[in-house]
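Student: Below is a structure I'd like to ask you about.
The values are calculated or read from the model by the stated rules, or taken from the named source; none is laboratory data. The structure presented is a predicted model; accordingly, all values stated were derived computationally and were not measured. Every residue, glycine among them, receives a Cβ derived from its backbone with ideal geometry; neighbour counts consider all protein chains shown. Quick note on the areas: whole protein, heavy atoms, side chains included, nothing else; ligands and nucleic acids left out. Shrake-Rupley method; radii C 1.70, N 1.55, O 1.52, S 1.80 Å.
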Amino acid sequence: MSLKIMMRELKEMKDGIGNISKRGGESKLWRSRTRSHVVPDQPQECAEQSPWSNLPPELLLDIIHRVEESETAWPARAAVVFCAAVCRSWREITKEIVKTPEQCGRLTFPISLKQPGPRESPIQCYIRRDRATSTYLLFYGLVPSEGEGDKLLLAARKVRRATCTDFVISLAADDFARASYTYVGKLRSNFLGTKFTVYDSQPPCDSMIPLTTHRRFHSKQVSPRLPACNYSIGSITYELNVLRTRGPRRMHCVLHSIPVSAIQEGGTAPTPLALLQFFDEQLSPLPSSKGKQPLMDTSSPSPAVTPLFSPGSGEPLTLKNKAPRWHEQLQCWCLNFKGRVTVASVKNFQLVAAVEPEHNVSPEDQEKVILQFGKIGMDIFTMDYQYPLSAFQAFAICLSSFDTKPACE
């Protein structure tokens, strides 16, 4: 069977699976251009009984290897996702073959958005801002294409509150409800817009403590594994510019979920392997909480907490602005964005590691740009990130630049 014919049959099978009614409305993800591809955790019964599920393991391994190696760019890479959605045996082999972004430099499954990027070269994306709806869409690619085939990675909506501003982050551009399975986290600012906290919908490592509980799922929809919580994984601080001096914004990012040892020689960053399932702690209370009040009030804004580290987790990684240089002829502060930024803006920035001599980080790694963000047109911005940041963490940091900070400019 040729690879072309196999791809066509896989697509036809995917369309058949997408037309089957699924609990929680998961079938909509196959047909909507505003959503990331999500593979159902439970394979469809009809697929399990089809001849595709009875292929010899050696042949199946060869088929998926060929698909993974040939379809390296989106939207063609959706064929790899289709393979994982055929049945349980296909899914397990696909998960074994597909590597993390750190290993292969490609994004495939939704969990890839919470895994560290590649070490050698950045993953290049762009953000499109819609002022009318206060939404921000993160796409995979160098620049916007003429058609509508760009791969949507994440979406965020800005929600203003009395004392703070929230950026709710989702896998879908048309579903920002925190009770949805597409919810992946949020960014929250203080009243002045000078300090932000990044919250993840799942713990990136075992040492994190939950911030608050949200009613995200009915207890019958998913298996009870973890309470639905927000986890504080980082903070972003913009320095006050009291004297109104000229220059770019000064910012510091403390990533509680990434130890500084991750950028040392031989170091590793936490890498989640799956999007965890959650249950509603109020609908399905734990035995120890029977007869007691809920741990947190889910109807009120979440109070700030400090993440808890295990003794061996070490010092968190801190990022800072790469120092710009003043250009006498242009009369402005300049950074080398290597052609990825074309419009001067106070929002443009490059982040590097803020380390001390005792951290034993090489000078080359100290100068390496971990996250780059800049403007290229009206409401269009580029975002390039690499190890140890994930797409979700990088997107949250970039969203902080969109909030109004008059005291910082």
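Student: Based on the mean of other beta carbon atoms within 10 Å per residue, what is the order of 371-384, 155-168, most packed first?
Tutor: Descending packing order for the listed peptides: 371-384, 155-168.
Student: Of the peptides 188-194, 129-135, how do they stack up when ordered by the mean number of other Cβ atoms within 10 Å, highest first?
Tutor: 188-194, 129-135
Student: Here's something else I'd like to know. Once amide H atoms are placed 1.01 Å from N in the peptide plane, what residues at a sequence separation of 5 or more from L317, or on another chain, have their amide H within under 5 Å of its amide H?
Tutor: It is L255, I258, V260, by chain and number.
Student: What order do you get for 51-62, 96-107, 254-265 when each peptide is scored by the mean count of other beta carbon atoms within 10 Å, highest first?
Tutor: 254-265, 96-107, 51-62
Student: Also: What full-extension length gain, to one decimal in nm, is calculated for T342 and A132 as 0.36 nm per residue of separation minus the Cα-Cα distance?
Tutor: So the chain would gain 73.2 nm between T342 and A132.
Student: Could you give me the ³J(HN,Hα) list for region 104-111, computed from phi with Karplus coefficients 6.51, -1.76, 1.60 and θ = phi - 60°, whole Hz, x at Gly and Pro?
Tutor: Result, rounded to whole Hz: 10, x, 10, 9, 10, 9, x, 5.
Student: Specify the inter-centroid distance of region 63-126 and region 165-195, based on alpha-carbon positions, in whole Å.
Tutor: Here the answer is 26 Å between Cα centres.
Student: Checking the table K151/K186; K186/K322; K195/K347; K347/K375 against a 18 Å threshold on Cα-Cα, which pairs fail?
Tutor: Exceeds cut-off: K151/K186; K186/K322.
Student: Rolling a 1.4 angstrom probe over the protein chains, ignoring ligands and nucleic acids, what is the accessible area of L330 in square angstrom, nearest 10?
Tutor: Rounded to the nearest 10, that gives 110 Å².
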